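Novice: Take this structure first; my questions come after.
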Amino acid sequence: MTVSTSSLNRTTVTLQQLVESSKKHSLQQALTAMIAEFAQSPLAQTVSTHTRYNQQDSIEAIPFHQFCLDSRQLKTNDVFVLLKSQALQSQTRHSQKSRDYLIQAANSAAFILSEIDPIALLTTDDVNASSLADDAQSVVQQLSALPCPVLYVPHIRDFLGDLIQSRLQYQQPVTLPAVVAVTGTNGKTTISQLVAQLAQLMGMSSAVMGTAGNGKLGALVQASHTTGDALAVQQFLYQMGQENADLLALEASSHGLDQQRLQGMPVSVAIYTNLSRDHLDYHADMAEYAATKAKLFDKTHFSELTHAIINLDDEHAQIMLDMAHASALTVWTYSLNPSSNATFVAASINPSLQGVEIAVRYNVSDNTGNTHVDCTDSHQDKANTITVISPLLGRFNVANLLAAIAATVALGSDIDQDIERIAAVVPQLQGAVGRMQRVLSHEGCFIVDYAHTPDALQQVLASLKTHCDGQLWAVFGCGGDRDAGKRPLMAQAGLAGADQVILTADNPRTEDPNMILQDMQAGMSAEQYQRTHIEPARQKAIEYAVQQAAAADIVVIAGKGHETYQEINHVRYDFDDSVVLQNALKQAGRA
């Protein structure tokens with residue numbers, strides 16, 4: 001995700017000015033400590049020995065323009081922030097690349113803030129213990145010879161977002177939008193977009209940030225990452241403030257939370273959807289994955305948090321609940337179990353291919369989080385139940401809608417009145433692109449969905465099975481260069497939920513699609529093979545499904561959803577499942 005800064009004023013500022021102007025006490029403390037630590041370090045001499053600075057200047061008085069996290073985008077007199085690489089690569093290669101970034105940036109930067117110890121970074125790899133002290137002294141001299149000073153700030157991620165936003169606000173103060181953040185394996189995109197739509201239908205100007213794009217509703221720009229880096233996130237937040245957005249609904253990925261890319265975001269409402277196997281090529285195990293998600297409910301990370309909205313049906317919900325309660329948040333829960341004592345409950349669900357009718361029981365007495373529920377008291381249930389007509393297909397979208405309704409209520413002030421107003425506008429909602437997206441046809445039902453985990457695929461198929469009078473078809477694959485352990489699990493999820501399965505390529509990246517498909521077939525039985533068609537070429541697989549499906553069948557093209565490309569050997573080729581499907585339907589005379 002990139003945000004143009006061409007309109008930003010290139011006037012200069014100093015760290016001392018940011019300290020004095022910042023309204024965040026925590027940032028003031030961090031900057032003051034950083035400046036004081038640098039003043040006592042051996043690197044402090046790098047300022048006074050440079051002719052470009054006055055002898056009396058210290059690091060806090062050096063003027064600069066903006067912060068930059070990418071040395072390729074660095075402009076003269078910007079501050080370069082050197083962060084540790086998160087890529088899975090050898091330590092030697094990591095050090096060499098970081099060293100190159102440091103030396104390259106020093107030629108243009110006003111100064112450098114480094115998360116990596118610059119002395120360790122510039123120390124030769126083959127130095128032995130006996131000469132380590134001499135080598136370190138030599139490195140200090142090397143640093144002194146650089147065109148700009150370097151500050152070692154090992155905990156810079158703890159306040160980097162605040163620092164960047166402080167610089168933006170110093171230039172031209174704007175009112176930032178309230179932020180609702182959604183985390184979980186599945187449902188983030190749909191819920192964030194539903195929250196933004198509901199808020200806008202309730203009179204707020206809304207924006208979204210995530211997998212399906214960034215921007216105000218109706219004007220999204222495709223994003224490269226679910227959660228951008230700290231600079232891109234803060235610039236986008238500031239841009240939305242400039243455009244007078246009242247609300248920003250964003251997706252909080254586990255990578256983004258782990259790397260503190262959302263630090264400094266004014267998140268007031270946090271939502272947890274669910275947790276299933278994903279990203280285990282990044283996280284050590286599911287416990288670490290869950291703990292990372294729980295950071296969104298930690299008020300030490302997000303000081304403006306007020307509400308936590310948590311899916312009570314998920315097996316990992318307690319981890320989120322414990323963190324939310326420890327942070328003294330108002331905790332609301334939601335559930336699809338009619339007998340649940342959750343704050344928002346789907347008391348009944350009546351699906352059709354046009355959507356679903358839901359009886360929503362809510363048990364919130366006020367915005368302090370106090371709830372009241374008595375499942376034996378039918379009068380009480382009736383008094384707190386409202387009927388909602390949703391155009392969204394799928395049982396899991398009922399859960400997504402409950403989360404979005406709860407979050408929108410949390411943004412308001414009058415619970416009963418707000419819920420009635422929200423229920424009235426739900427029929428106007430539109431699903432996120434590539435999420436249970438129906439592609440029109442004369443006969444049959446054809447769906448494009450982003451489901452790319454075993455749990456998500458299972459939920460999509462289970463939801464559509466209740467609508468299906470004929471056979472349910474599933475077309476999907478697995479991405480290359482990612483967690484290979486989930487490949488057979490994906491195949492088994494598809495075979496458990498669908499009558500007919502077509503295995504094909506997803507984004508092979510640098511892997512052979514046939515090898516990925518071979519991994520997916522591990523453990524398949526003879527009966528399962530009889531229901532499986534294997535076609536590595538995704539376009540041909542979609543065309544095959546269109547040709548073979550009967551008029552009463554439902555076909556799901558899963559895995560890529562909103563994506564408009566297929567990545568093969570580092571090249572992204574144009575490929576949009578919905579477009580390919582539309583063309584196949586036309587060729588078959590079904591559109």
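Novice: Leaving out ligands, DNA and RNA, and with a 1.4 Å probe, what % of the accessible surface on the chain is carbon or sulfur?
Specialist: 48 percent
Novice: Now a separate question. Mind putting a number on the dipole of the chain about its Cα centre? Charges go on the C-beta only, +1 for Lys and Arg and -1 for Asp and Glu, and I need it in Debye to the nearest 20. Show your work: numbers first, answer last.
Specialist: Numbers: 37 positive and 59 negative charges, 210 e Å.
That gives a dipole near 1020 debye.
Novice: Applying a 10 Å radius around every beta-carbon, put 204-214, 514-524, 559-569 in order of their mean neighbour count, most first.
Specialist: Numbers: 204-214: 23.8, 514-524: 16.3, 559-569: 19.4.
Highest-to-lowest ranking by the protection proxy: 204-214, 559-569, 514-524.
Novice: Calculate the length of the line joining the C-alpha centroid of region 439-454 to that of region 384-433, in whole Å.
Specialist: The distance from the Cα centre of region 439-454 to that of region 384-433 comes to 23 Å.
Novice: Also: Using helices alone, what [θ] at 222 nm do you get for the chain, with -39,500 (n - 2.57) per DSSP H run of 4 or more residues, divided over all residues and rounded to the nearest 500?
Specialist: Details: 21 runs with 216 residues, N = 591.
Taken over the chain, the calculation gives -11000 deg cm²/dmol.
Novice: While we're looking at this one, here's another question. Based on the Kirkwood radius over alpha-carbon pairs, what is the Stokes-Einstein translational diffusion coefficient of region 453-590 at 20 °C with 1.002 mPa s viscosity, in µm²/s? Numbers along the way, then the final one.
Specialist: On the way: Rh = 15.0 Å.
Answer, rounded: 143 µm²/s.
Novice: Here's a follow-up. Would you mind getting me the FRET efficiency between residue 357 and residue 170? Use the beta-carbon distance for r and R0 = 56 Å, nearest 0.05.
Specialist: Working: r = 52 Å, r/R0 = 0.92.
Efficiency for this residue pair is about 0.60.
Novice: Find the centroid of the Cα atoms in region 500-558 and in region 139-174, then give the distance between the two in whole Å.
Specialist: 50 Å
Novice: Treating the angle as unsigned and between 0 and 90°, give the value, to the nearest 10°, between the Cα long axis of helix 317-326 and the longest Cα principal axis of the chain.
Specialist: In the chain, helix 317-326 runs at an angle near 50 degrees to the longest axis.
Novice: Please label the shape of region 242-333 as rounded, prolate or oblate, based on the square roots a ≥ b ≥ c of the eigenvalues of the alpha-carbon gyration tensor (a/c under 1.5 means rounded; beyond that, a/b larger than b/c means prolate, else oblate).
Specialist: On the way: a/c = 1.79, a/b = 1.28, b/c = 1.40.
Oblate.
Novice: To continue, here is another question. Considering only DSSP beta bridges whose two residues both sit in the chain, what percent are antiparallel, to the nearest 5? Write down the numbers at each step before the final one.
Specialist: Values: 28 of 79 bridges.
For the chain, the DSSP antiparallel bridge percentage is about 35.
Novice: What do you reckon, how do 413, 339, 138 stack up by accessible area (1.4 Å probe), largest on top?
Specialist: Working: 413 110, 339 85, 138 50 Å².
Output order, biggest surface exposure first: 413, 339, 138.
The values are calculated or read from the model by the stated rules, or taken from the named source; none is laboratory data. The model shown is predicted, which means the values in this text are computed figures rather than measured ones. No Cβ is skipped: glycine too gets one built from the backbone with ideal geometry, and neighbour counts run over all protein chains shown. Quick note on the areas: whole protein, heavy atoms, side chains included, nothing else; ligands and nucleic acids left out. Shrake-Rupley method; radii C 1.70, N 1.55, O 1.52, S 1.80 Å.
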